[in-house]
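Below is one structure, written out as structure tokens, with a few remarks after it.
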Amino acid sequence: MREGAIGGTAARATDGVIKEVIVESDAVRTFCFQEPHSPWPGQYMMVWVRGVDEIPMSFSGPDRMTVHAVGEATRALFDLQAGDALGLRGPLGNGFSLVGEKILLVGGGVGVAPLAFLGDEARKAGMEVTSLIGFRTASDVVLKSRLEGLGELILTTDDGSAGVKGFVSAGLAKVDLEEVDQIYLCGPELMMWDVINRCRSRADRIQACINRYFKCAVGVCGSCCLDPEGIRVCAEGPVITAERLLEGEFGRYRRGPSGSIGSCQG
Ligand SMILES: Cc1cc2nc3c(=O)[nH]c(=O)nc-3n(C[C@H](O)[C@H](O)[C@H](O)COP(=O)(O)OP(=O)(O)OC[C@H]3O[C@@H](n4cnc5c(N)ncnc54)[C@H](O)[C@@H]3O)c2cc1C
Ligand code: FES
């Protein structure tokens with residue numbers, strides 16, 4: 001077993017100067033920085049988009065993040081180009097642990113970003129990597145060629161415009177799970193919850209990179225806590241084993257910026 005990164009709860013803030021912006025799709029871009037940050041896959045950074053907000057972003061490589069524009073801060077990021085600088089705090093949190101010889105990466109949407117980074121490390125460690133990735137439609141597909149370079153790739157789209165028609169679960173039926181030592185998840189919560197539910201008997205062999213509303217990102221404000229255990233996702237996660245997610249709020253609800261309970265869709 002190769003251990004994932006041991007997360008630091010404090011990290012100094014630095015200036016991240018953008019070296020290159022890669023357009024992955026209409027709504028997704030990869031921002032490469034001039035300096036790498038020594039993260040482990042699954043760890044994240046807090047990205048300060050000056051004058052707008054500070055938001056959590058996973059590393060999609062040692063020197064990069066891959067961003068889906070969904071709101072104010074992520075859209076403001078899309079105005080930046082090579083030579084512009086962002087405030088960065090990180091690497092933060094606990095990343096994935098590489099376990100076994102044959103692994104399955106299961107990603108949805110921009111959730112494929114930290115998994116592509118994990119796949120790179122798994123290949124370096126001599127592991128066999130299969131990727132199962134799902135998107136709404138063909139024009140949303142990102143990082144496909146990077147994942148194809150790691151091993152077998154199964155692609156699904158909800159509308160069938162590329163790959164297998166249907167949700168990621170349709171692709172899961174094409175994988176011999178008996179052959180897989182560990183499953184790694186990242187993507188929309190309901191997608192991850194569906195996979196965890198279908199693979200309940202092997203929940204001890206599933207690691208999920210999950211998303212909650214982060215404020216401090218150092219484990220003190222309680223904004224990101226998961227009921228009922230109170231797991232602080234920013235500090236103890238964002239990678240959590242599926243066993244710990246089975247009986248709590250995950251897949252059922254999540255709290256927004258005010259702490260009020262809302263849907264876990266999206
Ligand atoms: C550990 C972690 C890693 C992430 N990695 C990536 C990544 O690699 N690529 C990517 O595109 N996105 C990633 N996200 C999600 C990203 O942080 C949000 O999309 C972003 O904060 C939205 O900010 P906004 O101002 O553009 O949108 P807003 O207008 O603020 O909100 C749009 C949506 O994003 C959610 N959101 C807003 N702020 C936060 C926050 N601080 N924490 C969690 N969710 C928030 C809101 O609930 C809402 O559903 C990650 C989130 C977490 C917690
Ligand atoms: S964001 Fe403050 S404790 Fe996690």
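The values are calculated or read from the model by the stated rules, or taken from the named source; none is laboratory data. Keep in mind the model is a prediction, meaning the values are calculated, not measured. Because the Cβ atoms are built from the backbone with ideal geometry, glycine has one as well, and the counts that use them run over all protein chains shown. These area figures cover heavy atoms from the full protein model, side chains too; ligands, DNA and RNA do not enter into them. Shrake-Rupley method; radii C 1.70, N 1.55, O 1.52, S 1.80 Å.
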Computed [θ] at 222 nm, helices only, for the chain once each DSSP H run of length n ≥ 4 contributes -39500 (n - 2.57): -4000 deg cm²/dmol
Accessible-area ranking of Cys224, Cys216, largest first, probe 1.4 Å: Cys216, Cys224
Derived scalar couplings ³J(HN,Hα) [the range 45-61; Karplus, 6.51 cos²θ - 1.76 cosθ + 1.60; whole Hz; x for Gly, Pro]: 10, 8, 9, 8, 8, 3, x, 10, 5, 10, 10, x, 9, 6, 7, 9, x
Of Ala13, Ala116, Ala173, the one that fluctuates the most in a GNM where the chain has Cα springs shorter than 10 Å: Ala173
Percent of beta bridges antiparallel (DSSP, the range 1-131, rounded to nearest 5): 85
Radius, Kirkwood style, for the range 13-92 when every pair of distinct Cα atoms is counted (Å): 12.3
Gly108 long-range amide H proximity, modeled H, under 5 Å: Gly134, Cys186, Gly187
Accessible surface of Glu229 - all protein chains present, 1.4 Å probe, nearest 10 Å²: 110
Unit charges on C-beta of K, R, D, E only; dipole of the range 13-92, Debye: 120
Lys/Arg +1, Asp/Glu -1 at C-beta; the range 145-266 dipole; positive extreme among Gly259, Val233, Val168: Gly259
Neighbourhood charge, 11 Å Cβ-Cβ cut-off, centred on Cys224 and excluding it, Lys, Arg +1 and Asp, Glu -1: +4
Contact order relative to length of the chain, as percent, for alpha carbon pairs under 8 angstrom and 6 or more apart: 17
The range 33-70-the range 160-199 distance, computed between alpha-carbon centres (Å): 26
Amide hydrogen neighbours beyond the local backbone of Glu101, cut-off 5 Å, H modeled: Asp181
Lys, Arg +1 and Asp, Glu -1 on Cβ, resulting dipole of the range 12-147 about Cα centre, debye, nearest 20: 240
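Rank these residues by their accessible area, most exposed first, probe 1.4 Å: Asp26, Asp53, Asp194, Asp15.
Solvent-accessible surface, decreasing: Asp26, Asp15, Asp53, Asp194.
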Sequence-distant residues sharing a close amide H with Asp158 (under 5 Å, placed H): Phe135, Arg136, Thr137, Gly166
Cα lying deepest toward the dipole's positive end in the range 102-262, options Ala122, Leu185, Gly222, charges on Cβ: Gly222
Cα lying deepest toward the dipole's positive end in the range 50-149, options Ser131, Ser58, Thr74, charges on Cβ: Ser131
Tensor-based shape of the range 102-262 (alpha-carbon gyration tensor, a/c under 1.5 rounded, otherwise prolate or oblate): prolate
Estimated translational D of the range 210-263 in µm²/s (Stokes, Kirkwood radius over Cα pairs; 25 °C; 0.890 mPa s): 222
Dipole magnitude (debye, nearest 20) for the range 102-262, charges at Cβ of Lys, Arg, Asp, Glu: 380
Probe 1.4 Å - accessible area at Arg75, Å² to nearest ten: 140
Under the Karplus curve 6.51 cos²θ - 1.76 cosθ + 1.60, θ = phi - 60°, whole-Hz ³J(HN,Hα) for the range 210-220, x wherever Gly or Pro sits: 10, 10, 9, 7, 9, 10, 7, 6, 10, x, 10
DSSP-defined antiparallel bridges as percent of all bridges, the range 172-254, nearest 5: 55
Whole-Hz couplings from phi, Karplus 6.51/-1.76/1.60, listed for the range 197-203; x for Gly and Pro: 4, 5, 10, 3, 5, 10, 4
